[in-house]
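> Let me begin by handing over the structure; questions about it come next.
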Amino acid sequence: MSSELDNRIRVFRAEHRISQGELANAIGVSRKTISTIEVGRYVPSTVIALKLARFFNASVEEIFSLANSK
Amino acid sequence: MFNNNEPLAQFYDRFLGRVAIGLFIVAMGLGIDGIGYFVEPDVAAMLKYVRTALAIVLMILVLPVFLKLLFLRFRNKKDCQEPESFVTEVYKHASVHGFSVVMLMLIAAQVVLGLESDALPTEFYIKTILATGFLAVSISFFIQMYKSEDDDFASEDEDAL
């Protein structure tokens with residue numbers, strides 16, 4: 001629920017060719033959680049961020065960044 | 001007995017949605033009880049039937065998901081208590097709103113009623129305050145979920161591209 005956090009989940013999903021539902025199942029959250037993270041409505045916990053990073057085999061910083069850090 | 005194909009996180013979101021609907025129905029029931037103090041006895045008797053109908057709807061909507069949650073916990077699937085989800089966050093916010101409304105109602109009741117609280121029984125005030133609190137939780141939950149639907153559709157549209 002913050003616009004301060006940017007994320008590249010959609011880009012990573014496109015690269016891995018998986019849907020929101022598949023990603024949600026893979027890391028053990030609901031599809032709604034993934035969709036709201038993607039649009040920046042929901043700021044995920046550290047655990048979810050780490051699970052996403054592990055799934056995409058990337059660092060958390062590659063997926064998430066502060067909006068004003070660009 | 002239960003559909004085990006549904007992901008646990010998805011089920012937990014659905015469970016919270018049903019709980020919010022349940023709270024709304026309970027608030028309606030308590031509200032009907034409150035109305036019963038102001039209407040004729042025959043109307044009040046009819047309202048009791050409405051209340052019974054609401055209780056049946058509540059059982060039909062909430063009991064199955066509640067039993068499934070107990071069933072999953074019994075089988076040690078602790079993941080179903082997933083605390084990290086958007087819907088859980090929405091529910092927490094809604095609960096805070098409900099608690100705030102109850103506190104404000106209690107303060108208002110103290111100030112406004114004062115010594116003239118004998119006009120209606122204490123039960124009426126307790127039910128009214130509880131009904132308002134439950135209503136605040138459920139409406140806050142529905143509004144926040146409704147707002148997030150737009151994001152959901154936008155995300156799906158871009159997903160399809």
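> Could you work out the relative contact order of chain A, using alpha carbon pairs under 8 angstrom and six or more residues apart, expressed as a whole percent?
Computed over chain A, the figure is 46 percent.
> Quick one: Cα convex hull volume of the stretch A:1-43, Å³ per residue?
57 Å³
> Could you sort A:15, A:62 by their accessible area in this structure, using a 1.4 Å probe and putting the largest first?
Output order, biggest surface exposure first: A:15, A:62.
> Relative to the isolated chain, which residues of the stretch A:29-53 have their accessible area cut by 40 Å² or more in the presence of all protein chains (1.4 Å probe, heavy atoms, no ligands or nucleic acids)?
Listed in order, they are A:30, A:31, A:32, A:39, A:41, A:42.
> More than 21 Å apart: what percent of Cα pairs in the protein assembly as shown qualify?
Summing the P(r) tail past 21 Å for the protein assembly as shown gives 65 percent.
> 222 nm [θ] for the protein assembly as shown, helices only, -39500 (n - 2.57) per DSSP H run of 4+, per residue, to 500?
So the calculated ellipticity at 222 nm is -25000 deg cm²/dmol.
> Give the Rg (one decimal place) followed by the Dmax (whole number) of the stretch B:8-147, computed from C-alpha coordinates and expressed in Å.
17.7, 54
> Still on this structure, I have one more. Leaving out ligands, DNA and RNA, calculate the buried accessible area for the pair A and B with a 1.4 Å probe, summed over both sides, in Å² to the nearest 100.
In total, chains A and B hide about 1800 Å² from solvent.
> Taking the Cα-to-Cβ direction at residue B:5 and at residue A:6 and moving 7 Å from each Cα, how far apart do the two end points lie in nm?
In this crude label model, residue B:5 to residue A:6 measures out at 4.1 nm.
> Could I ask something else about it? If the limit is 25 Å between Cα atoms, which of B:68/B:147; A:51/B:92; A:32/B:92 go over it?
B:68/B:147
> Then there is this: Provide the solvent-accessible area of residue B:103, counting protein heavy atoms only and rolling a 1.4 Å probe, rounded to the nearest 10 Å².
The accessible area of residue B:103 comes to roughly 80 Å².
> Expressed as a whole percentage, what fraction of the accessible surface of the stretch B:8-147 belongs to carbon and sulfur atoms when a 1.4 Å probe is rolled over the protein heavy atoms?
Here it works out to 72 percent.
> At R0 = 22 Å, how high is the FRET efficiency between residue B:112 and residue B:39 if r is their beta carbon distance? Nearest 0.05 is fine.
So, using R0 = 22 Å, E works out to roughly 0.45.
The values are calculated or read from the model by the stated rules, or taken from the named source; none is laboratory data. Every value quoted in this text rests on a predicted model; they were computed, and no experiment measured them. Glycine also receives a Cβ, built like all others from the backbone with ideal geometry; neighbour counts cover every protein chain displayed. With ligands, DNA and RNA removed, areas are computed over all heavy atoms of the protein, side chains included. Shrake-Rupley method; radii C 1.70, N 1.55, O 1.52, S 1.80 Å.
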